[in-house]
Structures are given as C-alpha cells and as structure tokens.
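The values are calculated or read from the model by the stated rules, or taken from the named source; none is laboratory data. Note that the coordinates shown come from a computational prediction; the quantities given were computed from them, not determined experimentally. Every residue, glycine as well, gets a Cβ built from its backbone with ideal geometry; the counts of neighbours run over all protein chains shown. Heavy atoms of the whole protein, side chains included, go into the accessibility calculation; ligands, DNA and RNA do not. Shrake-Rupley method; radii C 1.70, N 1.55, O 1.52, S 1.80 Å.
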Amino acid sequence: MLEQAVIYTFVAFVLIGGGLAAFSRQILYAIIGLGISLLGLAGLFLNLGSPFVAAMQVLIYIGGITVAIVFAMMLSIAMSIRPPDPDARKLGFAIACAVIFFGAVAHLIRGAQFQQIASPASEKAWSVGALGHALLTHYNVVFETLSLVLLLAIIGAILIARKALPKENS
Amino acid sequence: MTLESYLLVGAALFSLGLIGALSHRNLIAVLIGIELMMNAASLNLMAFNRFVVTDPTTGQIFVLIIIGLAAAEVAIFLSIILRIYRAYHDIDAEKLTKLSG
Amino acid sequence: MENAILFAPELICLLMGLVLFFCTVLNWSYRTTRGIAIASGIAMIAACLWTLSLEGEPFFPGIYAIDFFSQLIKTALAVGFLFVVIASANPLTVDRNGWLEVPLFFIFSTLGMMMMVSATELLTLYVAMELAAYPVYIVVALHRNADIGGESAAKYTVQGMAASAISLYGMSFLFGTFGSTYFSDISIPHAATQPIFYLGLLLTLAGFFFKLGAFPFHFWAPDTYETAPHPVITFIATVSKVAAIGILCRLLSLAMPGGWESGHAQTALMWASVIAMSLGNLAALAQKDLKRLLGYSTVAHAGYVLLALQTFAEWGLTAALFYAIGYFAMSFACFLVICEIGRSEDRITIDSVSGLYKRAPFLSFTLLIGLFGLIGLPPTVGFVGKWFLFSAALQRGQFYLVLIAAINAAVALYYYLLIIRQLYWVEPATQNTIKPTPLIAVTAMATIILVIAMGTLPGPFWDLAARAARALIS
Amino acid sequence: MDTLTLILLTTISPLACFIIAIIFLVQQPRAAQGLVLFGSAVSLLSAIGLLAQGPVEPLRFLWFQSGAIQLQFGFILDGPSLMFGVVVAFITACIMLYSIGYMAHDPSKTRYFAMLSFFAWSMLSFVYAVDLLQSFIFWELVGLSSFFLIGFWFEKPEAAGAARKAFLMTRVGDVGLFIGILLILQLVSNFDIPSLLDPQTGLSTQVSPGILNAITLLIFIGIMGKSAQFPLHTWLPDAMEGPTPVSALLHSATMVAAGVFLMIRLHPLFMAAQDTALIVLSIATFTAILASTIAMVDTDIKKVLAYSSISQLGFMLMALAAGSLFAGVFHLITHAVFKALLFLCSGIYIHAYHTNSMAEIGRSGGRRLKATTIGLIIGGAALSGVPPLAGFWSKEEIFAQLGHNGFNIYMAGAFLAAFLTAYYTFRMIFLITKPDQAPASDHSHPEPLNMKAPVLILTLGAIALGFFGSNIAHGLGLIPQHHSVILMIPTVGVVILGILIAYLDYGRDNAPRTGFISKIAPLNTLFTNKWYIDEVYRVTIVAITHALSRILHWIENHVLDGNYDRFGLGILRTGVKSTRIQGGWMQLYLGWAIILLAVVALYLGLQ
C-alpha cells in the first residue's frame, strides 16, 4: 500500500514537473519543473529495480545538466525582464499536436501485447557489477564512442562559445 | 503498476515535452522540452527492461548512454545559445537591415 | 589482430582524428592541418579498399557487422571526406577561430557515419548516429558571422535533437516488442501482428529521414543549406546523404522478406516519397539563392530514393545504393563550385554564377555536369540512376507513382536550366577570374569522370551495389 | 569490310572527332575543322557501304544485366535506318563543308565543329538504335546537342532564349515519350524494337487496344515536341536564331526528322492503334495548314523556311498515319535534301547581305548570286511539288495514300496545304528575284566555292531524287504502287494555282506586292501574329507557373524571412535579451510532422 503511494507520488512528480516545464513562461520555473520531473523519474527507476541508473539520473541529469542550463540562462537572459507575451495560437497548436500524438500512442499501447516475463530477473543481473561487465564486454564500442562524443562536445562547446576575434577580412 | 501504465506515463511525458518544444519561443525552453522527450524514452526503456526483457543490463546501459549523450547535447546547444546571445547583445541597426534584407 | 583488420577503416579514422586534434592543440597552420586531413582521407580510402571484401564481427557478436555493404558505403564516405576536405581549401565563411577544428569535426563525423552503417544493434546505432551528428551541429555554428551561424545552428540543432528524441522513443518500442536490441532478433512474422512495432519503426525512421532531408523531416534543409558555411554544407549535402541512404537501406532490409505484403510501412514510405519530390521541386522553382535551391532539390532527390526503397525488394535496394553514390558525385560537383566561387560571400545567389564560364571555364563546366546529373540527362549518372529507381517501382507495378516522379523530373528541369542560363548566357558582373588550384581541378575532374562513367558504364558500379544489397538481405 | 566495322565507323567516328577536337584542338580551329570533316566523310562512306550491303539482322550487345532485367545496345540495319542513315551522314557532310565558309571568321570555330560532330554522333546512333531505351537516350542527346547549337551565339539574348525554349518544349514532349517507354517496360519488360514490332508476338498482341492507344499517344507526344507539331511547334521558328548551317542541319533534315523517324520505326504499333492514328492524322493535317498560313505572311526568309518545315513534317506524319510507310519515308528523304538546299541558299544570302528580310535581299541584288538563285528556284520548286522534281513524287504519293484509304477531309486539308506551300514558296522566290526596285549598286561578291559546292550537290539531289522512289520502296521491302494519272491532275493543279497567284501578287511587273490574304483583314492579322499561340501560352501556362512561384515566394517572404524581421525587431522593441527560436515556422512544421506521424501510427493501430 505504502509502496503504491510512493510510486504514485513519483508519477505525480514526473507529470507535474513536466507540466511546469511545458507550460511555464518563466524560464526558471521551467527549469525547476524539469528538475522535479527528472527526480520523479529517478524514483520510478529505483522502483523498477535499478538503483544505479537512478543515482546516475540524479547525479548527472539533475546535478549536471540542469545546473548547466541554469548557468546558461543566467549568462544569457536578464532575469528581471518581463517574459514575452504568450502566443495563444502557437500554444494551442502545440497542445493539439501533443494531444493527437498522445492519443495515437496511448491507443497503440493499450492494444499492444508484449511478451511479459513472469517475474523480474534475479538480483544479480541488476547489479552494478553486471552493468560494468556488460559495458566493458558487450558494449565496449558504445562506451568508447560515448567518451569520444563527450570529448568532441567539450571541444565544440569551447570553440563555439569563445568570443570571436575582430573580423580580419571585412 | 503495470507495464502499460508506465508506458502511458512515458507517452504523457513525451507529449508534455512536445508541447514545450513546440510552443516556446525561448531556445532554452525548447531544449528543456526535448530533454523531457528523451527522458520519456528512458522511462520506456526501463519499464521494458523490468517487464519484458530477460537480461536487464541492456536497458539500463541504454539509459546510461542516453544520460551521457544528453549531457553532450546540452553542452553543445548551450554554447550555441551563448553565441547567439552574444551576437545579438551587441546588435546594431545596420546588422538588422542586413538580416531582414 | 584479425578484428583490428576488420576495424581498420574506423581505426585509421580515429587515429588520424587524434592526430588532427594535436594539430589544433599545437596550433599548426591551416595548410598543414588540411594536408594531414587529406593524407588521412587517402589512408582511410586505402583501408576501406583493403577491407572491402572482408566479412566478420570485430566486437561482441551481433553488435557490429563488417560486410560488403558496410565497407562499400565506408569507401564512399572516405572518398567523400577526402573530397570535402580538398574543397575546403580556403573556408573564409568559417569563423577564423575554428578553421583548424573543421577537419577534426569532419573526420569524427565521418567516423560516426562509418560506425552507423556497420551497426547491427540499436544502442550502437544510436550512439554512432549521435557521433555523426554532433560534430556537424558544431561546425554549422562556426559561421564567421555569429548571428547567421547561431541562427542556422540553432535551427539545425533543434530539429536534429527533436528528431533524435523521436527516434529514440521509437527505438524504445522496438526494444519492447522484441525484448532485445539486436537486429538479428527482430523477426518480422512476429512483428507483423503488432501495430506497436510499426509505431516503433516509424518513429525510428523519423530520425534517419531527418538526416536524409526527406519528408516530413526535411524543413531544416533549405534554411541550413542557405546559411551554413560552404564547406560544412558540402559535407552535409554529400557525405551525410550517403550515410543516411545507407542506414535507411540497412533498416528497411530488416523488413525485406515479406515486407511488401505487410504493406503498412510501404504505404507510409510511398506517400513520403511522393510528397517529398513534389514539394521539393515546387518550392525550388521560386528560389533565388543557389544553396537554398539545392536544398530543396535535395528534398526532391530524397523522394526519388524513397521511391525505390519503398519497393522492399533487392532491386530497389540496389538502385538506391547506386543512386546514393551517383548523387554524391553530382551534388559534390555543384558544391565544389559553390565553395570555390563563394569563398568570401556568405550567400550565393543565382546571380553570383552569372557568366561564370568567362571567369572560370572549368569550374562552370563542372557545375554544368553536376546540374545535368541532377536533371537526369543521359550521359550522366543522373539518367541511369533515375532509370533504375523508376524501374524498381515499375517492377512492383506502381505505374502512377513513376508517372508522378517523371513529371516531377520534368518540372525540375526548369530551375536547373535557370542556373545553366545564368552560367553561360549572362554577362558576368565582375571580371575577376577564378583559377582553381591543381588539387581542386583534379578533384573536379575526378568528380566529372565519376558522373559520366557511372552514366555510360553502369555495369561495374551496379554489380558493386547489387553485391552490397545481397550482403544486406542475406 | 564486315557489317560491324562499318556500323562502328559510321557511328563512332563523329564521336571520336568530337572528343579529340574538344580536348586537344581548342587552339587549332583549322585542324579541328579538318578532322571533323574527315570524320564525317568516313561516316558517310561507311553508311553508304552499309546501304550497299543491304538489310541484315540487327546486331545486339549486352550493355548491362542484372537479374531478369537486361539492357542492350545495338544497331538495327533494316531499310529505313540504312537509307535515313545515309541521308543524315550526307546532309551533315554537306553542311560541314558549307560551314567552313560560313563560319570562317567565328572565334570559337572548334566548339562549333565539335558540337556538329557530337550532334552527328547522337543522330546517327539514334537512327540505328535497336533498343527503345537506347533510342530514348540518343533522342535526349540530340535535344541536348541542338540546345548547344541553337544557343551557339549565346551572346545574343534571342539565341539564348530560343535555345532554352527549344529545350524546354521538346522536353515537355520527352516526358510523354518517357512515360510511354516506362509503360512498355512495365507491360512487357522488353525494349528490343524488332521483337516489340513482331506481328505475331509483339506488343500489339500482348496488350489491349486501349493500352496500345495510350502508349502510342504518349510516344506521339514526344514526336510532337521533337517534330514541332501543334501545339508544341512554337520553338522551331525561334530556333532559327542559331547559325544558318545549324538551322539547315537541325531543322530541316535531322533533329526535327527524329520525331518522324521514331514514328517510322514504330509504324506497326501506330497502325495497330487505330484511334491514335486518327489523332495523329488530324493534328498533322491541322499543323500542315497552320504552318503554311503563317509562312505566307512572314517576311523573314528563315522563318518562312522554318514554318515550311513544320508544315512538311505534318505531311510526313499524315502519310504515316494514313498507313503508308513508303510515302512517309520518301517524303522525309526528299524533304531533307531540298530543305537543306533552301536553308543553305538562304544562308548565302544572309551571309552576303546581312539581312533576313526577303524583300531586302531582293533589293540588294539577290539574284546576282547565280548559283544560289538557281538552287533556290530548284529547291523551291521541289518543295512546292512542281513535276518532275523530288517533292512532286513524294507528295503525290501522300495524296494517293490519303485518297486510297478514303480520308477525304484530310485529303482536302492536304490539298489546301499544298496550295499554300506553292504560294508561299514562290512568293519567296519572286520577292528575291523580282525586287520592287533595282539594286543600287553591285557590291556583292560571288559565293565561295566551299559554300557553292554543297548547294550544287543538293540541287542535283533535289532534281534527281524523285526518280528513285521505286528504289526506296524496294529498300523498305515494299512494292511501289502505280497510281493513275487522274490523281496527278489535282496535285499538279493546286501547285499551278499556287504559283499563279503568287505570280499575280508578287511576280508580274506591276504587282501589288501584298498577298491576297491582306484583303481579308482578320485572317491576315491572325496569320501575322502566328495564330496568337505564343500569346496563349503566355497568358496560360507561363502565367500559371509565375503565379505559383510567386505564391511560394510570398510564403517565403512573409512566413520565413518575415520571422528574421520579427526576431531582430522583437529584441529591439521589448528589450528582451532572450534567445528566441527563429519564428514559429520551424516549430509549426515540426508540429505538422508529429501530427502526421501520429495519424499514420493510428492508421496502423486501427488495421
């Protein structure tokens, strides 16, 4: 019973946070919404049996990515100014798109029959050790590639954000 | 909760992300919307991982990789935002006419 | 050791990428860096040719496949990389700060594309796809005018990220349907009963449609083509198109046996094809900006390729691969000229090429051949390639589809001819002649020869494509 | 020499000359000219050699094979291709010879001769093509090379425009042809022309009459474009902007004849498709009359000849549609010779007096160029159908065919067109030879020998060719029919009537020098304005295209570029220093894409 309540709390986190992120006109609230939503997700991950991924979600996503977004916002936006006027037509269109998409996907999900397994896999299969082993055997290419992508992203980010030299050729 | 309800939560999160990405004029808000969409995929993967798959490592690794890629993506995108901000910060009238012409 | 040989092209790509990275760290001159990049391109081609007929799985089984298909596409990618680096001899439109890094990002993007066509597992595919995409996001932003570059990069990146999120969401359903990320576990008979599988496939394809610039994810193409720095857009328009067609072939080949009968995916692709080609050609009619016009023409050509792919047959697959290589050559011919004549201009309008035959006879001839190819005139690969694409659809009895395509090809003639007229029949505004360097002249010559040779002697190229297609299906 | 060597010599030598000239001889125009002329001579001699050997089995080579599909190339060596191949090679050789004088002072002679050679290669390969796809490829190449030749003087905006118009209009036709070919591919997966035409197993036995009508009609659209039949004819008169030898080559004997030749090639198919044959007959008759009426009021000598070509092509198609292969081929060959002759003569006048106006040529003393004037009169008479010159015999054959098969209305139309032909031809001759005022002074110099020689050769051809009708019929494997003298009477009658009226209007000593048609003002205006067909195009097709592109442009400006404005201005106005996504345009599209995906997904779900 209590477990159920906790899960539903997490689901509520996810959806309320998502709603805040989607509808808020104040960019800071949107970021907070994203944080709440991600936190809820981390809870759901925990509930789905993966404490490691949940921890990573909190550490990297909330601790890293969201904070980076906050910094970018502070660097680029004067916080005090009035948010832009809402564009009702655009919002309506976006909501319509989302509702149609959700309807279609929900319909398909409800109609789908997945080959579900009877009981969750053993505790051992979920362990961090198993994950690490798989990353270095099965998925070593993926792992290496990911590190390459991160390296490139860092170089690129520095390069793009670097202040441009005065133009020589104009 | 059943698999189906997890998937529905995922779909709802995706749709919320879609609203964020489609309705905002602010690039950061758009980025947030897209992050939500990616997280909906993560939720799906974890749910399938728990209910469908016999070996649960794959889904978890998938989600970990998504988190890593999202970090890279955000880094690039934020630097682009800073670049645009800077370009328009020291904007002058001449530049404007150049753009609109 | 054997695995290292199988993985040789990617390994060389990676190593040379690191060398290029050191070039940027040590702040060597752009000449040197480009020279190293050219050398790495040649080394990559050599490695690809060396491994061309090898087969195997260098990593954990099922993750990564080396077969004739992947190696053929990799060869094309390596050639493309080499050509693009040669074409970016003097990339004035790129931010002066970023010159050194441009070859670096190109080579890593190429690496990502190479891995993409070899990946036989969803996660590997996804990571490779992002490795291919991120460097391009970065270089698009490196326009010398921060405003233009930022604009177009923001648009391109938002579209790309949204498409890859959609793709990812689709992949999660594929994972759920089969309980595995390995392509080899995907069984169509089982899936055909599951509508959710089609949802997954549809959403996954969306990401690749984005790369290809195909309907409905094409709308980034004209804008980005117009505003991105010339060498960058050359890369996007040539190399990444080859990779996109390649990966589409790989994904669709999964549904090959019996794909036609199941029908749904086919119907969707068919409509995508028809709308893409009609929309692209109609919109191109009104364009004044040369790069933008070519952007719309890309959309149309993606439609032609889909025409063959939606047949879900070996012949169609072969035709698409053949056209991918041909399209690479044709569009490179156009973009090479754009890079050369527009070194110092941000925008290339149709007027920029007026009277080019007087200022640069050889370059204008190159552009002419490229345009003839895109029009689909006989001595070029454009004609034979379109012929193969169309006959693939005809073999499925889709006469009306081909009819639409043929009318589209005729409409397209008009705007290409507009450029040709500008090239040869209008007096140039300036008299400065443009003399390409010997290296660029040789590259242009090689492109022309490729366009003509594939058009007149399609046999050997077709055999290569057919062999690749068979490798995919089996 | 064996057949293979001969056919390769015929077709490949112009190509080889083109490649060598364009790559190595750009700086040596004299060498290029000599080489190209040599190549064309080789080609002509081999073509004659082939004709001497007589019809043989087609030669086929595999070009490309994959699975069930195979593409072949090869050479069909039957009556029509052997004879027409010789005509093409012959006319090309004459025109190259003539061009030496005509283009003597042109700075880019190499390019000119190389393109002529390229053209000869594509045309000859088209004539001998055994495979329908091969035919189509060379058909396109013929169009492409004529695009370059018409636009040769691209400094002139008219020439550039004309080249573009020619290319676009013939391409409209080509789409029809291409679709027809694709239809054949889909239905029978076979492009081999002899087996398609086979009366027992060919295309006509495998598909329903309706489909056959559709296929042949689509092919006829291609023919309409290439052979300048109504309503796709307006490019041909404009295409006279090219150098006159090019006009002579392309618009009398070869390029426009490609359409007619395609119909000759596929004649059995057209005969099996009754409805198409009737449509072809109507369009051809109408075109023949239409073009003649325009020719009788135009003042530009090349334009008159151009319209005359259109009208004569109509005659050929009439003959073919009425069922006579022989009449069509015969008229094609005779017309090639006398029309080339007329163009060359006009070229000499234009070269000498620098004017295209017939009256001006006459006033400047056109008749002093003796050899040319004789050529003009003989060629004109042959065109009009004065017995016993070439045109008489071939036209008589057409009338006989129409009468024989009971196409009475069409026969009446043909007589009308023949009458008009005689009238406008002699109007031209009289305007040049009997000027209204005596030439001021004699400053003309005699035509150079290398321009005179082709004229003389072609004059002989125009006189003699008519008597070879039975040989041509024999070459086609037919037995020539002998027609009654009764039928020749009206044929000769209309010709004499036409000449007589032309004499009254222009020829006699105090002639009014205005055509009889000017008394009927509305018709005169109609004809002078070329039946307003270009205007109709301008207000319909061109306007629609422009409107469409303007709408798209508006969308671009107001939906797309407008957002650039809003982007920048928004920042200034509100001072919001936020980074906004550039306008709603992109998000709108992304939204539509999502909706589309959702709808497709739903569609899948509801299955």
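A few comments on the model shown:
- Net charge dipole, the protein assembly as shown: roughly 2420 debye, given to the nearest 20, about the Cα centre with Cβ charges of +1 for Lys and Arg and -1 for Asp and Glu.
- Long-range HN-HN contacts of C:Tyr64 with modeled amide H, under 5 Å: C:Phe59, C:Thr120
- In the context of the full set of protein chains, residues of chain D present 36 Å² of accessible surface per residue (probe radius 1.4 Å, heavy atoms only).
- Accessible surface for B:Thr2 stands near 80 Å², nearest 10, in the context of the full protein assembly shown (1.4 Å probe).
- Shape call, the protein assembly as shown: gyration tensor on alpha carbons, a/c limit 1.5: prolate
- Extension gain from D:Val188 to D:Thr3, taking 0.36 nm per residue of separation minus the Cα-Cα distance: 63.6 nm
- Helices assigned as whole DSSP H runs in chain A whose Cα atoms extend at least 18 Å along their own long axis and whose mean Kyte-Doolittle hydropathy is -1.0 or higher are found at A:2-23, A:27-47, A:88-111, A:140-161.
- Between helix D:274-295 and chain D: long-axis angle, C-alpha atoms, 0 to 90°, nearest 10: 70
- Phi angles of the range D:198-210 translate, via the Karplus equation with coefficients 6.51, -1.76, 1.60 and θ = phi - 60°, into HN-Hα couplings of 3, x, 8, 10, x, 4, 5, 8, 9, 10, 6, x, x Hz per residue; Gly and Pro are given as x.
- Cα-based helix-to-principal-axis angle, D:562-574 vs chain D, degrees rounded to 10: 40
- Gap separating the Cα centres of the range D:210-258 and the range D:151-198, nearest whole Å: 9
- Distance (nanometres) between label positions extended 7 Å along Cα→Cβ at C:Trp271 and C:Ile5: 5.0
- Cα gyration tensor, the range A:1-82 - rounded (a/c under 1.5), prolate or oblate: oblate
- Part-to-part distance (alpha-carbon centres) for the range C:54-89 and the range C:400-436, which is given in Å: 33
- Legend: residue pairs D:Lys109/D:Lys302; C:Lys288/C:Lys386; A:Lys90/C:Lys386, Cα-Cα distance threshold 29 Å; pairs beyond threshold, A:Lys90/C:Lys386.
- Within the range C:1-108, none of the trypsin sites (Lys or Arg not before Pro) combine a DSSP coil assignment with at most 13 other C-beta atoms in a 10 angstrom radius.
- Once the trypsin sites (Lys or Arg not before Pro) in DSSP loops with at most 12 neighbouring Cβ atoms within 10 Å are cut out of chain A, the longest remaining piece is A:1-162.
- Within the listed set A:Gln113, A:Gln26, A:Gln57, the residue fluctuating most in the Gaussian network model of chain A (springs between alpha-carbon atoms under 10 angstrom) is A:Gln113.
- For the range D:5-37, backbone nitrogen atoms closer than 15 Å to the point 7 Å from D:Val56 Cα along Cα-to-C-beta are found at D:5-11.
- Chain A shape via C-alpha gyration tensor axes, a/c threshold 1.5: oblate
- Against the main long axis of the alpha-carbon atoms of chain D, helix D:449-464 sits at an angle near 80°.
- Chymotrypsin sites (Phe, Trp or Tyr not before Pro) within the range C:1-58, DSSP loop, no more than 16 other Cβ atoms inside 10 Å: C:Trp28
- Within the accessible area of the protein assembly as shown (1.4 Å probe), percent carbon and sulfur: 68
- Sequence-separation-based contact order of chain D, relative, with Cα cut under 8 Å and 6+ spacing, percent: 11
- Space enclosed by the convex hull of the alpha-carbon atoms of the range D:273-527, per residue, Å³: 121
- Where GluC sites (Glu not before Pro) fall in DSSP loop in the range C:305-380, at most 14 other Cβ within 10 Å: C:Glu345
- Cross-link reach is defined here as a Cα-Cα straight distance under 17 Å, omitting same-chain residues fewer than 8 places apart; for D:Lys395 the lysines meeting it are D:Lys339.
- Modelled FRET efficiency - R0 41 Å, A:Ile16 with C:Leu15, Cβ distances, 0.05 increments: 0.25
- Mean residue ellipticity, 222 nm, helices only, the protein assembly as shown: the sum of -39500 (n - 2.57) across DSSP H runs of n ≥ 4, divided by residue count and rounded to 500, is -24500 deg cm²/dmol.
- Measuring r between the beta carbons of A:Lys124 and C:Thr433 and using R0 = 45 Å, the FRET efficiency lands at 0.05.
- R0 of 22 Å, Cβ-Cβ distance C:Leu54-C:Ala453: FRET efficiency to nearest 0.05: 0.30
- Most mobile listed residue (A:Leu28, A:Leu150, A:Leu91) in chain A, GNM with C-alpha springs under 10 Å: A:Leu150
- Full extension of the chain segment joining D:Ala412 with D:Glu158 gains 87.7 nm, where the gain is 0.36 nm per residue of separation less the Cα-Cα distance.
- For D:Lys519, the lysines whose Cα comes closer than 20 Å to its Cα, not counting residues fewer than 8 places off in the same chain, are D:Lys530.
- More than 44 Å apart - percent of Cα-Cα pairs taken over chain C: 7
- Spatial separation of Cα centroids for the range C:190-247 and the range C:295-357, in angstrom: 15
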